[in-house]
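Novice: Here it is, the structure in full.
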Amino acid sequence: MPPRPFNLLRVSQSKFRPATELSPFLVPFLYTQQRGAHILASLADNPGALHKRIRRGRGPSSGKGKTSGRGHKGQKQHGKVPRGFNGGQTKDEVVHGKRGDHNFSNFSVDMKPLNLYKVQDWVDQGRLDPSKPITIKELLQSRCITNVKDGVKLLAKGAEELKAPLNVVISRASAQAIAAIEAAGGSVTTRYYTRFAMRRIMQGKMDPINSLQSQIKEGEEMSRKSFYNRLPDPTSRKDIEYYRDPAHRGYLSHLVPEGHGPSLFFKTPGTGKMAMRKTSKSKAVAGDNRIW
């Protein structure tokens, strides 16, 4: 119940004072006090903001008594059922396999795409120097790419806009991008990077181009030794085979003998033991394609 407003008129009459002594400016405040008390007493939530809790198992009149809305017997009534449970028999996803385009492989990599039109745009703005090798360090420092995770892949979108001959050292490149850069007089070298390596390269503690297995040119040996950390080389078979492939312009392609393929598992036809027996110069021509 709202509080009663203070009646000044009654007090004035009890003291035998005329009612006209009540000041006119006090009258609006009396009505405001009554209105405010009425609002406080009628505060409520918006309709639908609150829902009454369902009391289950409290008798049949509520509609949720006895079985509490769970039905009769079975695992769905007694407890929770795991996802894909099929009554104890083999799950459907095991019998029929999983469907959908999902790559759960441990070998999947998250490459940052980089198109040729953006590289040419950065060269036109003067944010990249085409006279020097363009590596991940230059691309990150110029803000041409951001949020790199496992590396950068060069794509051929906007290849018709490419004019400058570029020397690009990058994680991966498509065949069309390689052809476009080489047609403009440039070169592409794909090399292996790790997340730790890219952080060290940005800190200036690691060479962005050369590692132990790289083909070192004249004058580059001292520059590699001047860094605090050494740039790592790939250790997994899939990465090694990618960077040994001359078609990918891999930096390890100089390790592949002439006439051999980049694979570490499949032998190149004509280089096996049977071929060695058939040729008189087999020891000098062919051998096992292994690196260990």
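The values are calculated or read from the model by the stated rules, or taken from the named source; none is laboratory data. Keep in mind that what you see is a predicted model, and the values were worked out from it rather than measured. Every residue, glycine among them, receives a Cβ derived from its backbone with ideal geometry; neighbour counts consider all protein chains shown. Just so you know, the surface numbers come from the protein's heavy atoms only, side chains and all, with ligands and any DNA or RNA stripped out. Shrake-Rupley method; radii C 1.70, N 1.55, O 1.52, S 1.80 Å.
Novice: Report the FRET efficiency, 1/(1 + (r/R0)^6), for N147 and A247, where r is their Cβ-Cβ distance and R0 is 51 Å, rounded to 0.05.
Specialist: Here the calculated transfer efficiency is 0.95.
Novice: Another question, then. Contour minus end-to-end for R99 and I39, with contour as 0.36 nm per residue of separation and end-to-end as the Cα-Cα distance?
Specialist: Extending this stretch completely gives an extra 15.6 nm.
Novice: I've got another one for you. If you plug each phi of segment 152-163 into the Karplus form 6.51 cos²θ - 1.76 cosθ + 1.60 with θ = phi - 60°, what whole-Hz ³J(HN,Hα) values come out, in order, with x for Gly and Pro?
Specialist: Each residue of segment 152-163 in turn: 10, 10, 8, 10, 9, 5, x, 5, 5, 8, 6, 10 Hz.
Novice: With the cut-off at 27 Å, tell me which of the pairs K163/K205; K137/K238; K137/K163; K238/K267 have Cα atoms farther apart than that.
Specialist: K163/K205
Novice: For segment 38-174, with every protein chain kept in place, what is the accessible area per residue (1.4 Å probe, Å²)?
Specialist: Values: 10210 Å² over 137 residues.
The answer is 74 Å² per residue.
Novice: Can you find, among P82, G59, A49, the residue sitting farthest towards the positive end of the charge dipole of segment 41-97, where Lys and Arg contribute +1 and Asp and Glu -1 at Cβ?
Specialist: The residue sitting most towards the positive pole is G59.
Novice: With a cap of 10 neighbouring Cβ atoms within 10 Å, and only residues DSSP puts in a loop, list the trypsin sites (Lys or Arg not before Pro) found in segment 92-187.
Specialist: Here the sparse-neighbourhood loop sites are K98, R99, R143.
Novice: Using a 1.4 angstrom probe with every protein chain in place, what is the largest-first accessible-area order of E160, E138, E258, E241?
Specialist: The ranking, largest first, comes out as E258, E160, E138, E241.
Novice: Hey, another quick one. For the full complex of protein chains and a 1.4 angstrom probe, list L155, L43, L114 by accessible area with the highest value first.
Specialist: Details: L155 55, L43 125, L114 5 Å².
These residues rank, largest area first, as L43, L155, L114.
Novice: Let me ask something else about it. Where does the charge balance sit around G158 when Lys and Arg score +1, Asp and Glu -1, over other residues with C-beta under 9 Å from its C-beta?
Specialist: Around G158, the surrounding residues sum to -1.
Novice: When only C-alpha pairs under 8 Å and at least 6 residues apart count, what is the relative contact order of segment 140-222, in percent?
Specialist: Across segment 140-222, relative contact order equals 24 percent.
Novice: Ordering V109, V168 from largest to smallest accessible area (1.4 angstrom probe), what's the sequence?
Specialist: Largest accessible area first, the residues go V109, V168.
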